[in-house]
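Encoded as structure tokens, the structure appears first; notes follow it.
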Amino acid sequence: MKKSVVVLGTQWGDEGKGKIVDLLTEGADAVVRYQGGHNAGHTLIINEQKTVLHLIPSGILRDGVKCYIGNGVVIEPEALIKEITNLEASGVDVQSRLYISKSAPVIMPYHIKLDQLREQKKGKEAIGTTGRGIGPAYEDKVARRGIRIGDLLDADLLKNKLEKVLEYHNFVIANYHQSEPLDFEEVYAKALQQADFIKGMCVDVTGALHQHLEDDEKLLMEGAQGSLLDIDHGTYPFVTSSNTTAGSAATGSGLGATHIDYVLGITKAYTTRVGSGPFPTELFDEDGAELAKRGVEFGATTGRPRRCGWLDLVALKRAVQVNGVTGLCVTKLDVLDTFATIKACTSYGDDAFPGSAHEWAQVKPEYQSFEGWQSSTRGLTDLNELPPQAKAFVDFIEAFTGAPVHIISTGPDRCENILIEDPMG
Ligand code: GDP
Ligand code: IMO
Ligand code: MG
């Protein structure tokens, strides 16, 4: 029996993680987010009703499922409070089921300001971040000067830490960026107010997760972003500031590596990317426009149009390796329904996987072509109903990557899936 299952993205994010986590919560007792922050946008569609989650785990729409935000997540209290308030206004009970790690770093107003100032300064070379303060918050964590959720709960400790860290960042804001420094009293008062709202939800998340395992309960671990945005394994420097690969599920929640029973890698049947950086299979033609239109490819967090291209099997194979993927879930297969010919990249023209910006720029993708099925797969739930051409495409993904496809997603709604093998066992 599988007790803890990691669900993560194998591309540049937006693979459909939220939808699949929500689907799998039917067999889970708890869901934990373990990295990233509100740069994530996870879309859930249930009976045509759409909910976009940013920080709150995608288990919140399933009654009785406990939701945890682990130590590896960077938390912006205002964004969190807004998300809780909005969900509660639509009738979802959040505060009795949401638990927040006291060890999680806080995204403070100066992180957001620094993120935006740096992007402006970079001009054409900007990373295209979500502007949510993610990078600067993770930097403060690693620099050992960060404010953690637990610090918010102790007014004197917070005052002391904030005075020092704000002095440091204000120096950079004023002198390096020539921008307006932040006011200590304002930042401090706001943080205390936010602490008051969230204090009842702050717990020892690691301890609670181990209790679930001891009680023989099932955990889902929800990744954010995707493997090619990983700070070590992605298209550096055009990446996010956390490890998005499977190891983070352990370090970002306090579970051990041996507690992970299964890793589900989510991949679109094609590829998208928001923001700047290498994207070998990107399309600038009618096919790209068709993918964007049929896939409704706009970012769930920033609303920016997503860049679109063919499936990149070289990158997917690498993602299968670095995550130790047990099974794959191919999403948005239905988006390919109209294409006469479908392509997938099977070589970068070089044996070595790119390890630097320079090498990524040298990539010359080579493609394998597949006959399109040109009929609707939208909403299919039975593998036997899949057109033979679609089945051949999925079989090729398995053969190339060496990972079995356990789920095929055929539409955005919770019920639009072909479940070949249930990762929850
Ligand atoms: P996440 O960040 O990985 O959770 O993915 P996003 O929610 O940012 O983006 C995925 C988008 O694709 C959302 O709009 C989903 O509603 C949608 N989606 C997910 N699975 C499918 C699918 O199988 N078919 C179609 N047509 N849309 C899907
Ligand atoms: P989900 O969880 C897609 C991208 C940004 C930018 C880079 C760095 O919905 O898949 P950051 O704000 O993290 O410093 O930005 O990472 N990015 C995402 N792209 N989906 C996401 O999350 C993303 N989170 C960050 O666009 O290129
Ligand atoms: Mg998303």
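Things worth noting here:
- Size of region 267-419 as Cα extents on the principal axes (Å, biggest first): 44, 34, 29
- Highest-MSF residue in the chain out of Lys102, Lys199, Lys121 [GNM, Cα springs under 10 Å]: Lys121
- Order of Arg144, Arg318 - criterion: other Cβ atoms within 10 Å of each residue's Cβ, fewest first: Arg144, Arg318
- Cα pair distances exceeding 30 angstrom across the chain, given as percent: 41
- C-alpha center-to-center spacing [region 330-386, region 37-67] in angstrom: 28
- Beta bridges assigned by DSSP with both partners in the chain are antiparallel in approximately 35 percent of cases.
- Normalising the average separation of contacting C-alpha pairs (under 8 angstrom, six or more residues apart) by the number of residues puts the relative contact order of region 111-189 at 22 percent.
- Between Pro305, Pro412, Pro57, the residue with the greatest mean-square fluctuation in the GNM of the chain (Cα pairs under 10 Å linked by springs) is Pro305.
- Within straight-line reach of Lys218, meaning a Cα separation under 17 Å, sit the following aspartates and glutamates at least 8 residues removed in sequence or on another chain: Asp22, Glu26, Asp29, Asp63, Asp261, Glu421, Asp422.
- Taking the number of Cβ atoms within 10 Å of each Cβ as an exposure proxy, the fewest-first ranking of Asp196, Asp285, Asp422 is Asp285, Asp196, Asp422.
- Label-to-label distance, Lys82 versus Glu217, with points set 7 angstrom from Cα along the beta-carbon direction: 3.1 nm.
- Based on DSSP H segments of at least four residues, each scored -39500 (n - 2.57), the chain has a per-residue ellipticity at 222 nm of -9500 deg cm²/dmol.
- In the elastic network of the chain, a GNM with C-alpha springs shorter than 10 Å, the most mobile of Ser227, Ser248, Ser356 is Ser356.
Computed from the coordinates by the stated procedures, all read-outs in this text should not be read as laboratory data. Quick caveat: nothing in here was measured; it's all calculated off a predicted structure. Don't worry about glycine lacking a Cβ; one is built from the backbone with ideal geometry, like all the others, and counts go over all protein chains shown.
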